[in-house]
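What follows is a set of notes on a single structure, which appears directly below.
The values are calculated or read from the model by the stated rules, or taken from the named source; none is laboratory data. Predicted, not measured: the structure shown is a model, and the values here were computed from it. Using ideal geometry, Cβ is built from the backbone for each residue, glycine included, and neighbour counts are taken over all protein chains shown. Heavy atoms of the whole protein, side chains included, go into the accessibility calculation; ligands, DNA and RNA do not. Shrake-Rupley method; radii C 1.70, N 1.55, O 1.52, S 1.80 Å.
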Amino acid sequence: MNLPNIYLIGFMGSGKSHWGRIWAGKNQLTFLDLDSEIEKEFGMKVVDIFEKHGEDKFRELEKEHLRKTGERKGLLVSCGGGTPCFFENMEWMKQNGTVVYLKASEHYLLDRVMEETAERPLLKEVNAAELLFFIQKKLKERAPVYEEADLILDAESLEEKSLEEIFKTA
Ligand code: S3P
């Protein structure tokens, strides 16, 4: 398909991969998960890249793989929670596609990430009591970047047809 790419952004636990997969399937787009692409090519889980090579290395790989998506069309890319906040990634995504932010409240995100902290390097060292504080702090830092998206959707009330307005104009 010759549609421009769509970049789904939002905090960990906002449902980017879940909804991305559904929307891609319904709109003849190819679903691509940025973390999975990195893991495939680097041959290591994200959590291990952070541990063995550090966050800076991961952010380099993330930038590199994000830029690679620009060589293809018709992709629905589920980004990592931090993707828009490093380098000029946000600007680049807006120039190379449509950026959609799945916006959710801190408590919603807390419920969603609670059971998956081991898989998420940034949450690995955070205990349950600190988790809400961590989410609040990080979200406050990142929200101004996320809010630059072309479209903001309420992650807590999404439906399968939530992306219709983008596809109508794409
Ligand atoms: C990160 C989010 C993760 C992953 C990495 C860093 C972040 O992706 O890219 O652990 O900085 O918020 P998800 O948002 O898909 O969990």
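Every listed requirement among (1) under 14 Å from the mean Cα position of the chain (by Cα); (2) surrounded by 22 or more Cβ atoms within 10 Å (Cβ to Cβ); (3) away from the ligand (no atom under 12 Å from the Cβ) is met by V77 save one, (3).
For the range 83-97, indicate whether the set of residues that are among the small types (G, A, S), in contact with a Ser or Thr (Cβ under 9 Å, 6 or more places away or on another chain) and part of a strand (DSSP E or B) is non-empty. Yes, the range 83-97 has at least one match. Looking at D48, D56, just one residue is open to solvent by less than 80 Å² (accessible area, probe 1.4 Å) and free of Cβ contacts under 8 Å to residues at least 12 places away in the same chain, and that residue is D48. Does A118 satisfy the condition of being surrounded by fewer than 19 Cβ atoms within 10 Å (Cβ to Cβ) and free of Cβ contacts under 8 Å to residues at least 60 places away in the same chain? No. Between K16, K63, the distinction of being closer than 20 Å to R142 by Cβ, surrounded by fewer than 21 Cβ atoms within 10 Å (Cβ to Cβ) and touching a residue at least 24 places away in the same chain (Cβ under 8 Å) belongs to K63 only.
Residue-level check: of (1) more than 19 Å from L102 (Cβ to Cβ); (2) touching a residue at least 40 places away in the same chain (Cβ under 8 Å); (3) surrounded by 14 or more Cβ atoms within 10 Å (Cβ to Cβ), L34 misses just (1). Would you check if A143 is open to solvent by less than 40 Å² (accessible area, probe 1.4 Å) and hydrophobic (A, V, I, L, M, F, W, C)? When the stated conditions are applied, A143 passes them. Of everything in the range 22-47, what is more than 19 Å from P84 (Cβ to Cβ) and assigned to a helix (DSSP H, G or I)? Give them in sequence order. Residues satisfying the conditions are I22, A24, G25, K26, E39, K40, E41, F42, V47.
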